[in-house]
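Note sheet for the following structure.
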Amino acid sequence: MEGLVRCSANYVPLSPISFLERSANVYRDRPSIIYGDVRYTWRETLERCTKLASALSQLGISRGDVVAALLLNIPAMYELHFGVPMGGGILCTLNIRHDSAMVSVLLKHSGAKLIFVDQQFFETACNAIDILSKNTIVKNLPRIVLVLDNQSITSANHLEYESFLSTGKLDFEVYRPKDEMEPISLNYTSGTTSRPKGVVYSHRGAYLNSLAAALLNEMGSMPVYLWTVPMFHCNGWCLTWAVAAQGGTNICLRNVTAKGIFSNIVQHKVTHMGGAPTVLTMIINAPVGDKKPLPGKVAVMTGAAPPPPEVLFKMEDLGFFVTHSYGLTETYGPATVCVWKPEWDALPPNERAKIKSRQGVNHIGLEEVDVKDPVSMKSVPWDGKTIGEVMLRGNTVMSGYLNDLQATQESFKGGWFHTGDLGVIHSDGYIQLKDRSKDIIISGGENISTIEVESVIFSHPAVEDAAVVGRPDDHWGETPCAFVKLKYEHDEVTAEEIIGFCRDRLPHYMAPRTVVFEDLPKTSTGKTQKFVLREKAKAMGSLSRKKISKL
């Protein structure tokens, strides 16, 4: 067709930076960040982020340079999500639970030139850089910018955040990408120290996933968002940018506790929050004195493992509306959502909970989700039974793994992103996870979904938390082993009772043969560290056929 052109009038590379600039105009005097007594408006946040970008530039940070952060959910962490890309840099948010050895590995792999460090992790960062200094390959060590929550720590050898910010200029020319596929952030998946995987996000992907996150959270204009999702995890599921897009208020929460959650919801009239099922469990099991009546409906997006039905029931009773989402670091956080349909409201509670725990359909920013045979790449039938690998494709899938072309190509084999998760598709097109490929238990040739077994265990009134892994077995190959945390008032419950409870509700081969009562190891994002539990189960040794027959 003639007469068509692409120019600055009809094409601007997508970037979340525009969200902040718009909100600073439309919502200029409305609160952007609240953190205790600290309050900023959107106009002030733009000014602070502009000065941050300027200060970074003066320090020598330019296009493509990586800036790391080891911070909690505090204002500085939020400002870095805009200030770093506004200076042309790439933000690399590190997991606060990493030790110095891992932090040093990630700083080396990312090539970070600067790291913003919360005073709580100052020693961790210093030790990490000390480790780097002994590595002859690393020539330029990253500088530390210390973020103080109070003045208990001072160091003449390191920059301090507010002082650093004051060196910036308001007339700084903010960087805008010429190519929207330029990197905006770098997020590391959990992995070994020998081969970290750095997931690269683009300005385009972050922009699109932010809008999708706002939509699937049903965020209208000026939401009040409580930060119970770590901002370091997938950039807060892209909600760091999404809240800015809607001119909302970010309620920063340094430490996530049930008391803090209820207090902030009541004080600030919170409308939205998120978290893994462990956060939901924390809420429903909060002491009576910490719970408070909600001032209005609070929409909660949850991810990671499917929330057990009992957790969903109790959250609804408290006044929370839970939306189940699914995604990975490689998909900017949320990729699918269990879109709720009005006709399901009339179903019995157990049926509603089963549907709500599905991973659902692709959100508006993702092109397609499917369950396929990973070898033939053929889609499985929509029968809710045939298991395949969940695969995704679209604009909100990562650009690739930093400095690891082989891993990138493997994950994109056949033109789809291979999640490594096993699932089924129901007749309505909604997907449901059955397990991670590495978590599925194969017992006597039968596949056992640990998610299904965990869901039953969770329904026991004495159970607060549970996880199931495979334990070596001389006869069956492996059998389910359940690790269970009981509610404090139910410590009299026995392993035999849990096993019997499961056998009454599951085929016998799916019921646990072993039950261990203990606290479950968690990541900082609330996911159970099943690799730790698998090692424990393995260390128990193999169950013999004779021992099984007694259970």
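Observations
- Annotation for segment 1-44 versus segment 76-102: alpha-carbon center distance of 20 Å.
- For Arg471, the residues whose modelled amide H falls within less than 5 Å of its own, excluding neighbours fewer than 5 places apart on the same chain, are Thr479, Cys481.
- Potential lengthening of the chain between Glu410 and Val5 amounts to 142.1 nm, from the contour at 0.36 nm per residue minus the alpha-carbon distance.
- For the chain, adding -39500 (n - 2.57) for each run of n ≥ 4 DSSP H residues and dividing by the number of residues yields -9000 deg cm²/dmol at 222 nm.
- Efficiency of FRET from Cβ geometry, Asp171 and Ile364, R₀ 41 Å, rounded to 0.05: 0.65
- Cβ-placed point charges (K, R +1; D, E -1), dipole of segment 448-549 about Cα centre in debye, nearest 20: 460
- Note: relative contact order over segment 17-205, using C-alpha pairs below 8 Å and six or more positions apart, is 22 percent.
- Cα-based helix-to-principal-axis angle, 309-318 vs the chain, degrees rounded to 10: 50
- Length gained when the stretch Lys487-Cys126 is fully extended (0.36 nm per residue, less Cα-Cα span): 126.0 nm
- When the Cα gyration tensor is reduced to axis lengths a ≥ b ≥ c, the ratio a/c is 1.5 or higher for segment 448-549, and with a/b not above b/c it is classed as oblate.
- Taking 0.36 nm per residue of separation and subtracting the current Cα-Cα distance, fully stretching the chain between Ser163 and Val38 would add 43.3 nm.
- The simple spin-label model puts a point 7 Å past each Cα toward its Cβ; for Lys292 and Tyr509 those points are separated by 5.3 nm.
- On Cα atoms only, tilt of 100-110 relative to the major axis of the chain in degrees: 60
- About its Cα centre, segment 278-346 has a charge dipole of approximately 200 debye under the convention of +1 per Lys or Arg Cβ and -1 per Asp or Glu Cβ, with nothing else charged.
- Computed from Cα positions, the angle between helix 203-216 and the longest principal axis of the chain comes to roughly 50 degrees.
- Within segment 293-399, none of the GluC sites (Glu not before Pro) combine a DSSP coil assignment with at most 12 other C-beta atoms in a 10 angstrom radius.
- The chain - charge dipole about Cα centre, Lys and Arg +1 at Cβ, Asp and Glu -1, debye rounded to 20: 480
- Take every DSSP beta bridge whose two residues both sit in the chain; close to 55 percent of them are antiparallel.
- Annotation: for a label point projected 7 angstrom from Cα along Cα→Cβ of Lys536, residues of segment 475-499 with backbone N closer than 12 Å are 481-486.
- When the Cα positions of Gly365, Ile387, Pro348 are compared along the charge dipole of segment 339-441, Pro348 comes out farthest toward the positive end, with charges on each C-beta of Lys, Arg, Asp and Glu.
- Virtual paramagnetic centre 7 Å along Cα→Cβ of Ala462, amide N under 16 Å, in segment 490-529: 490-504, 512, 514-519
- For the chain, the relative contact order is 10 percent, taking Cα pairs closer than 8 Å that sit 6 or more residues apart in sequence and dividing their mean separation by the residue count.
Rule-based calculations on the coordinates, nothing more; no lab input. These numbers were taken from a predicted model, which means no experiment stands behind them. Every residue, glycine among them, receives a Cβ derived from its backbone with ideal geometry; neighbour counts consider all protein chains shown.
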